[in-house]
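Presented below is the structure to which this report refers.
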Amino acid sequence: MNTSLMALRDRISRALNSIKDPLSGKGLADAGRIQGLAVTAEGRVRFALEAPAGAADAWGPVRDAAEAAAAAVKGVTGVTAVLTAHAEAKPASQSAHRTPEGVAGVRAVIAVASGKGGVGKSTIAANLACALAASGRKVGLLDVDVYGPSLPTLFGVAATRPVMRPDKKLEPVERCGLKLMSIGFIVDPEQAMIWRGAMATSAVRQLLDDVAWGTDADPLDVLVLDMPPGTGDVQLTIAQRVPLAGAIIVSTPQELALADVRRGMAMFDKTHVPVIGVIENMAWLETLGGRMYVFGEGGARRTAEALGAPFLGEVPIEIALRESADAGAPFVVAKPDHPLSQAFAAMAEAAMENAARAAKPAPVIRFE
Ligand code: ADP
């Protein structure tokens, strides 16, 4: 960081210290309430304000005051403060009970999950979201992958910051007909990674609640949630606290990955979230000599069938898919007529049908 940025950061720290932590009476920075303070060269400021256990709601005014104090510092062009409370969520092991509240302005939330990182979960989530938008639905995509938010890169909006509206809601970034929000817009990826589980979870809840996704009159049809990889406490707590209409599990075909599919299914089962599809990614590589099954053949399909989960389809290893991800334009948007784009559309439709079916109450059988 250059010296003028460091000086700006110091001024912001001092300004934040002028707001007192209501508990200790110390300034917010000295009290250790400010986490992940980041300043860009353009003067945009981001930080997380850590409220005491379970007190996030009551700390709204403290956040507002901290935001105003930072915004008043000379050289600051914008401030995003996210409120977290690290004991708000119960440890997952103590409570598998699910009490999710709805998300304002959103009809249905579906999660895209994976047992581990690097299997293409974010790439698939982005392309499914684009396919749903292309079908005429109003779609949002929320990246809550605290271990490596990739949505800003996938959509070429890494330098963009969401705007805070006068009503304190964040305006999602619009791109490819989608409303986008990422934990990566709010905090530095390195900072997101070291957040303790429950803090990350309360930040996720805030991203659901404090973002202007839609209105009651004009809601999003579907919000796609790009989950953090894995099936630990963070993931379980998200599955408990977010009203998920269904979950899609992405896996590569090899045996090792399939153990993760089983764990993912068990996690959603525990939280009563219907698994609305399994997708096998990197299923094969097309070569001049035919398909090469780099990671084995059909493993995810067999596992899904064995576990009674709907199988949505395979996505081959496709260099253009990786290239479009790196270029910041999802494949489905860059190559709408490609057979793989049509496959994404079919998988997205099948998943939505499965979610609708899962939402219907089971038919009552009467014996007369
Ligand atoms: P995850 O979200 O599971 O960590 P990503 O979606 O970030 O995984 O994908 C990891 C890398 O693999 C990215 O560089 C992405 O472009 C690439 N990738 C994902 N799926 C495919 C595929 N089917 N063919 C080629 N590259 C892929």
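The values are calculated or read from the model by the stated rules, or taken from the named source; none is laboratory data. Since the model is a prediction, treat every value here as computed from it, not as a measurement. Here the Cβ is made from the backbone with ideal geometry for all residues, glycine too, and neighbour counts use every protein chain on show. Surface accessibility is based on the protein's heavy atoms, side chains included, excluding ligands, DNA and RNA. Shrake-Rupley method; radii C 1.70, N 1.55, O 1.52, S 1.80 Å.
Among the residues of the stretch 5-23, which ones are in contact (Cβ under 8 Å) with a residue 40 or more places away in the chain and not in a loop (DSSP other than H, G, I, E, B)?
L8, R11, I12, A15, L16
Is it the case that the stretch 338-348 has a residue that's more than 15 Å from the ligand (Cβ to nearest atom) and on the phi > 0 side of the Ramachandran plot?
No - not one qualifying residue is present in the stretch 338-348.
If I filter the stretch 255-271 down to residues being within 17 Å of A239 (Cα to Cα) and out of contact with any strand residue (DSSP E or B) (no Cβ under 9 Å at 6 or more places or on another chain), which single residue comes out as surrounded by the fewest Cβ atoms within 10 Å (Cβ to Cβ)? Full working, then the answer.
Residues of the stretch 255-271 within 17 Å of A239 (Cα to Cα): 260-271.
Remaining after also requiring out of contact with any strand residue (DSSP E or B) (no Cβ under 9 Å at 6 or more places or on another chain): 262-263, 266, 270.
Working: R262: 16, R263: 16, A266: 12, K270: 15.
Looking at the filtered set, the residue picked out is A266.
Considering only the stretch 106-123, how many residues are modelled with pLDDT of 95 or more, more than 7 Å from the ligand (Cβ to nearest atom) and under 22 Å from A259 (Cβ atoms)?
Counting residues in the stretch 106-123 that are modelled with pLDDT of 95 or more, more than 7 Å from the ligand (Cβ to nearest atom) and under 22 Å from A259 (Cβ atoms) gives 3.
Using beta carbons and a limit of 7 Å, which pairs, at least six apart or on different chains, have the first residue in the stretch 149-168 and over 15 Å from E42 (Cβ atoms) and away from the ligand (no atom under 16 Å from the Cβ) and the second one open to solvent by less than 70 Å² (accessible area, probe 1.4 Å) and aliphatic (A, V, I, L, M)?
Between residues of the stretch 149-168 that are over 15 Å from E42 (Cβ atoms) and away from the ligand (no atom under 16 Å from the Cβ) and residues that are open to solvent by less than 70 Å² (accessible area, probe 1.4 Å) and aliphatic (A, V, I, L, M), the close pairs are M164/L170; R165/A212.
Filtering the stretch 130-140 down to residues that are more than 18 Å from A212 (Cα to Cα) and part of a helix (DSSP H, G or I), which residue is farthest from the ligand (Cβ to nearest atom)?
Restricting to residues being more than 18 Å from A212 (Cα to Cα) and part of a helix (DSSP H, G or I), the top hit is A134.
Residues to consider are R322, R291; find the one that is open to solvent by 60 Å² or more (accessible area, probe 1.4 Å), assigned to a helix (DSSP H, G or I), on the phi < 0 side of the Ramachandran plot and among the basic types (K, R).
On the way: R291 fails: assigned to a helix (DSSP H, G or I).
Matching residue, one of R322, R291: R322.
Taking A329 as meeting all but one of (1) surrounded by fewer than 21 Cβ atoms within 10 Å (Cβ to Cβ); (2) in contact with a Cys (Cβ under 9 Å, 6 or more places away or on another chain); (3) not in a loop (DSSP other than H, G, I, E, B), write down the number of the exception.
With respect to (1) surrounded by fewer than 21 Cβ atoms within 10 Å (Cβ to Cβ); (2) in contact with a Cys (Cβ under 9 Å, 6 or more places away or on another chain); (3) not in a loop (DSSP other than H, G, I, E, B), A329 is out only on (3).
Select from the stretch 307-319 the residues that are within 13 Å of the ligand (Cβ to nearest atom) and either in contact (Cβ under 8 Å) with a residue 40 or more places away in the chain or not in a strand (DSSP E or B) (or both) and write down the one among them that is least open to solvent (accessible area, probe 1.4 Å). Don't jump to the end; show me each part of the working.
Taking the stretch 307-319 as the starting set, the residues that turn out to be within 13 Å of the ligand (Cβ to nearest atom) are 313-319.
Those still in the list that are either in contact (Cβ under 8 Å) with a residue 40 or more places away in the chain or not in a strand (DSSP E or B) (or both) too: 315, 318-319.
Details: V315: 0, E318: 58, I319: 105 Å².
My answer is V315.
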